[in-house]
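Trainee: The structure is given below, and queries will be raised subsequently.
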């Protein structure tokens, strides 16, 4: 009797290590489907891409045109399953430029970027840390974590089902919005923050370490609202969640 053993078929991976010039104050645009992308800023006028990708489903295209460098992990059209390919990439970019990233289910980590960051993802988690002055981040089901080591000048953060967490300082001249449908929102802010807050939930709690209490806005509905000012006012901070909770933490 012959025994047939099922042997799992491993996806063929390809190692990449590519470098090309990039404008130090230009735009780096990154697109990918699934996997993970780590972006780190450095003091070089060039982009370096290292890591691995699914060689049977993904092809990597990198091009530079004037002030824009595009890095695209594209599905191979004639692959057996051209939407299943993953990447695991570490990308170094000029720290002073603008970063734009779009993914489907790839997790994105950004560090040491001093320029504006724009990230869109469907189900991937997004983590941004460093001296980013402005950020726009949106996900459908992925969580968003922002840790700023310098004053944020402005930001828009949106998620449908993912949580949003921010830890950092807000510029008194900035405008900030945080929105979720069913995700929780947690803001860790220093006691010296100067801002006007408008916080609303439809079916979630509001906790505020700065002292002021939320009030119900309807006799028949669970909706709550909190408006208050810190440090004489300054930044405009709008926080809104439908089914998630909101927590303002004084660090």
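Trainee: Going residue by residue through the range 181-193, is there one that turns out to be in a loop (DSSP other than H, G, I, E, B), in the same structural domain as residue 129 (by TED's automatic domain parsing) and without any contact (Cβ under 8 Å) to a residue 60 or more places away in the chain? Let's see the steps before the verdict.
Mentor: Keep residues of the range 181-193 that are in a loop (DSSP other than H, G, I, E, B), which gives 181-184, 190-193.
Now drop any that are not in the same structural domain as residue 129 (by TED's automatic domain parsing), which leaves 181-184, 190-193.
Right, trim to without any contact (Cβ under 8 Å) to a residue 60 or more places away in the chain and you get 192-193.
Yes, the range 181-193 contains at least one residue that is in a loop (DSSP other than H, G, I, E, B), in the same structural domain as residue 129 (by TED's automatic domain parsing) and without any contact (Cβ under 8 Å) to a residue 60 or more places away in the chain.
Trainee: Confirm whether residue 171 is assigned to a strand (DSSP E or B) and over 19 Å from the mean Cα position of the chain (by Cα).
Mentor: Working: assigned to a strand (DSSP E or B): yes; over 19 Å from the mean Cα position of the chain (by Cα): yes.
The answer is yes for residue 171.
Trainee: In the range 49-154, which strands (runs of 3 or more DSSP E) lie fully inside it and hold 2 or more residues that are under 30 Å from residue 196 (Cβ atoms)? Can you show your working first?
Mentor: Values: elements: 58-65, 68-75, 86-94, 98-111, 117-121, 126-130, 134-139.
In the range 49-154, the matching strands (runs of 3 or more DSSP E) lie at 98-111, 117-121, 126-130, 134-139.
Trainee: If you take the residues of the range 205-228 that are in a strand (DSSP E or B) and loosely packed, with under 13 Cβ neighbours inside 10 Å, which of them is modelled with the highest pLDDT? Step through it out loud before you land on a result.
Mentor: Step one: list which residues in the range 205-228 are in a strand (DSSP E or B), which gives 206-208, 215-216, 224-228.
Narrowing further to those that are loosely packed, with under 13 Cβ neighbours inside 10 Å: 215-216, 227.
Numbers: 215: 94, 216: 93, 227: 97.
Going through the qualifying residues, I end up with 227.
Trainee: Suppose the filter is within 21 Å of the chain's Cα centre (by Cα), more than 13 Å from residue 249 (Cβ to Cβ) and either not assigned by TED's automatic domain parsing to the domain that holds residue 133 or not in a strand (DSSP E or B) (or both); does residue 161 pass it?
Mentor: On the way: within 21 Å of the chain's Cα centre (by Cα): yes; more than 13 Å from residue 249 (Cβ to Cβ): yes; either not assigned by TED's automatic domain parsing to the domain that holds residue 133 or not in a strand (DSSP E or B) (or both): yes.
It is true that residue 161 is within 21 Å of the chain's Cα centre (by Cα), more than 13 Å from residue 249 (Cβ to Cβ) and either not assigned by TED's automatic domain parsing to the domain that holds residue 133 or not in a strand (DSSP E or B) (or both).
Trainee: Within the bounds of the range 87-104, is there any residue that is surrounded by 17 or more Cβ atoms within 10 Å (Cβ to Cβ) and modelled with pLDDT under 90?
Mentor: For the range 87-104, residues surrounded by 17 or more Cβ atoms within 10 Å (Cβ to Cβ) and modelled with pLDDT under 90: absent.
The values are calculated or read from the model by the stated rules, or taken from the named source; none is laboratory data. Model, not experiment: these values are computed from the prediction. Quick reminder, even Gly has a Cβ in these numbers, built from the backbone with ideal geometry, and neighbours come from all protein chains shown.
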